[in-house]
Amino acid sequence: MDVEVEVVVCLCSGRSCRLNSSPNATVLSLKLAAQEELLQGFLCLTSTDGQVLELDRTLHDVGLGFGGMVTAIVQQVHLAATSSAFAAFWSGEGGRVVVWGDPCNGGDLS
């Protein structure tokens, strides 16, 4: 008999959900359940140390036990830089560009 584990899936926005699953369930099944619960699609799940979890591995195999926590990565962020300014941008629904640094070298969107 499998004992269920509770896993917390967090978005970078701070939203999260708690899901109960078998330790023999796959990361893919956890991802799909989290997407349904959070009403948000995302690219992947990462461990607390930043490792991308392989979808075909079991929760047990990737070290997720009761109270385990993963982060859902919604969009891949792209970075660009000059010698003194930086930009982060992502596409998709609600795509954004954020800049910072020296306004004379690209750190200002106005």
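Summary of computed values
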{"quantity": "Extreme residue, nearest to Leu11 (Cα to Cα), among residues of segment 47-68 that are surrounded by fewer than 14 Cβ atoms within 10 Å (Cβ to Cβ) and among the β-branched types (Val, Ile, Thr)", "calculated": "Thr48"}
{"quantity": "Hey, Asn24 over 13 Å from the mean Cα position of the chain (by Cα), modelled with pLDDT of 85 or more and open to solvent by 40 Å² or more (accessible area, probe 1.4 Å) or not", "calculated": "yes"}
{"quantity": "Which numbered condition His78 misses (of (1) modelled with pLDDT of 90 or more; (2) within 30 Å of Asp108 (Cα to Cα))", "calculated": "(1)"}
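The values are calculated or read from the model by the stated rules, or taken from the named source; none is laboratory data. As the structure is a prediction and not an experimental result, all values here were calculated from the model. For neighbour counting, all protein chains shown are included, and Cβ atoms are generated from backbone atoms with ideal geometry for every residue, glycine included. To get the accessible areas, we keep the full protein, side chains included, count just its heavy atoms, and leave off ligands, DNA and RNA. Shrake-Rupley method; radii C 1.70, N 1.55, O 1.52, S 1.80 Å.
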